[in-house]
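First comes the structure, then the notes that go with it.
The values are calculated or read from the model by the stated rules, or taken from the named source; none is laboratory data. Just so you know, these numbers come straight off a predicted model, no measurement behind them. Positions of Cβ are backbone-derived with ideal geometry, glycine not excepted, and every protein chain shown enters the neighbour counts. All accessible areas refer to the heavy atoms of the entire protein, side chains included, with ligands and DNA or RNA removed. Shrake-Rupley method; radii C 1.70, N 1.55, O 1.52, S 1.80 Å.
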Amino acid sequence: MSEFAESRALLRELAGPGDALVVAAPGRVNLIGEHIDYHNLPVMPIAMRRAVRIAYRPCRDSRIRAVAPGYGRREFEWTPSLAMAAPGDWENYLRAAAQAVTGKWGVGPGIDAAVTSDLPAAAGLSSSSALIVGVTLALLRARGVSATFEELMEVLPEGEHFVGTRGGGMDHAASLDSRAGCASLIGFAPLSLRPVPVPAGWAFLVAHTMTTAEKSGAAREQYNVRRAAGYTALVRLGFSDYREVLAAPDPESLAARLDAGAERDSFLHTVTEAMRVGEAVSALERGDAARFGSILNASHASLRDRLRVSTPALDRLTGDAVASGALGARLTGAGFGGCAVVLCRREDVERVRQGLVARYYAQRAGFDPDKHLILAEPGPGALHRDVTE
Ligand code: GLA
């Protein structure tokens, strides 16, 4: 069965029989480089095979109509300046995409769209960015525009601010431009993306804590606090860009000039995490899985002790992963709940899975391996998929 069968069928229910165009925008799991994209430092996620899938059809007018199982139908007129829908309503993501397109290409024809997804929501796997990416591409393709990666990246991270999140550009870049079988080394200002092949013998598991990290509310505020602390530390030290810090002879030692506290801790996390990204890229290129694993563990410790974005469940889960035979594990995404990324050798996947089930999931009601313990194969981004599937 085609991966778009469900969205195509839903579109027929919404808008009657007829042809459909399709787009799939994958979620991402960040391998290394956490909480540093917003300081314009490189990060290295992979796009997953799990995605938001949209079947759509251009309309004659400029109304956007969409349906998603479990979220209901939404319809609005696409105007040059869109207001927000009710807070927490999924229509805001549709509006964010429309607003992002308006900024560069103006208002265009609307679409009828049916949206399905096999990405767990609020898990730190960027389901919301994938939705915005998918709807943006649908709106552009409906009017015959094939936008480039660079053009899309000019509007997408900004577009997400419309729904109240102030993330960096990692999620959209990974969802758009990743290559199958590769991690994506993403740089910012200027934007760049370099595919780095993942050795066939490596496997990444995405393990859900079964606690969610809702982006609205407290977690979002905490995210912004971390971002601000890192930036204040930078300015206090007389720099305007973390890349200047990293070019200094001993960047970590600069922290001694800051008072103990959140700013110094954020500074240290940022600087050391950026260094870990560099080391992780060379470990990946050398195929040194053991080294890559220990870098993941060090990243988790820094996110836990310095940035303080971990939770007891994430600490427990990452510890259980290593105890089960993984080479390393760390929280992935913004933290405060959600998922951990776990590196293991491919031949150890079953052993690690079983260990995690016995150690972590056996005591938790509602465990569903298809949702909570996923093998993340590096898949292609939305721009590298056939649009006629
Ligand atoms: C969220 C943001 C990303 C990034 C991560 C933390 O997922 O959307 O841009 O900042 O948090 O690394």
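Modelled label positions at Gln363 and Val225, each set 7 Å beyond Cα in the direction of Cβ, lie 2.7 nm from each other.
Between the Cα long axis of helix 289-305 and the first principal axis of the chain there is an angle of about 90°, rounded to the nearest 10. Here the contact order of segment 270-389, divided by its residue count and restricted to Cα pairs under 8 Å and six or more residues apart, works out to 19 percent. Averaged over residues, the count of other Cβ atoms within 10 Å places the peptides 260-266, 96-102, 130-136, 5-11 in the sequence 130-136, 96-102, 5-11, 260-266, highest first.
Among Gly333, Gly103, Gly72, the largest mean-square fluctuation in a Gaussian network model of the chain, built with springs joining Cα atoms closer than 10 Å, belongs to Gly72. For the chain, DSSP calls about 95 percent of its internal beta bridges antiparallel. The protection proxy used here, the mean number of other Cβ atoms lying within 10 Å of each residue, ranks peptides 339-352, 40-53 as follows, highest first: 40-53, 339-352. The residues of the chain expose, per residue, 39 Å² of accessible area to a 1.4 Å probe. When each of the peptides 315-328, 277-290, 243-256, 23-36 is scored by how many other beta carbons lie within 10 Å of its residues on average, the order from highest to lowest is 23-36, 315-328, 277-290, 243-256. Derived value for segment 102-244: Kirkwood hydrodynamic radius 17.6 Å. Basis is the mean of 1/r over every pair of different alpha-carbon atoms. Remark on Thr212: its backbone amide H falls under 5 Å from those of Gly338, a criterion applied only to residues 5 or more positions apart or on other chains, H modelled at 1.01 Å from N.
Backbone geometry of segment 187-193 corresponds, through the Karplus equation with coefficients 6.51, -1.76 and 1.60 at θ = phi - 60°, to 3J(HN,Hα) couplings of x, 10, 6, x, 5, 8, 9 Hz, x marking Gly and Pro. In this simple spin-label model, placing a label point 7 Å from the Cα along the Cα-to-Cβ direction at both Arg316 and Asp370 gives a separation of 2.6 nm. Here the chain has 52 percent of its accessible surface on carbon and sulfur atoms, given a 1.4 Å probe and all protein chains in place.
Spatially, segment 225-252 and segment 121-145 are offset by 33 Å when compared through their Cα centroids.
Scattering from the chain was approximated by placing one identical point on each alpha carbon and applying the Debye formula without solvent; log10 I(q)/I(0) at 0.06, 0.09, 0.10, 0.12 1/Å stands at -0.23, -0.51, -0.63, -0.91.
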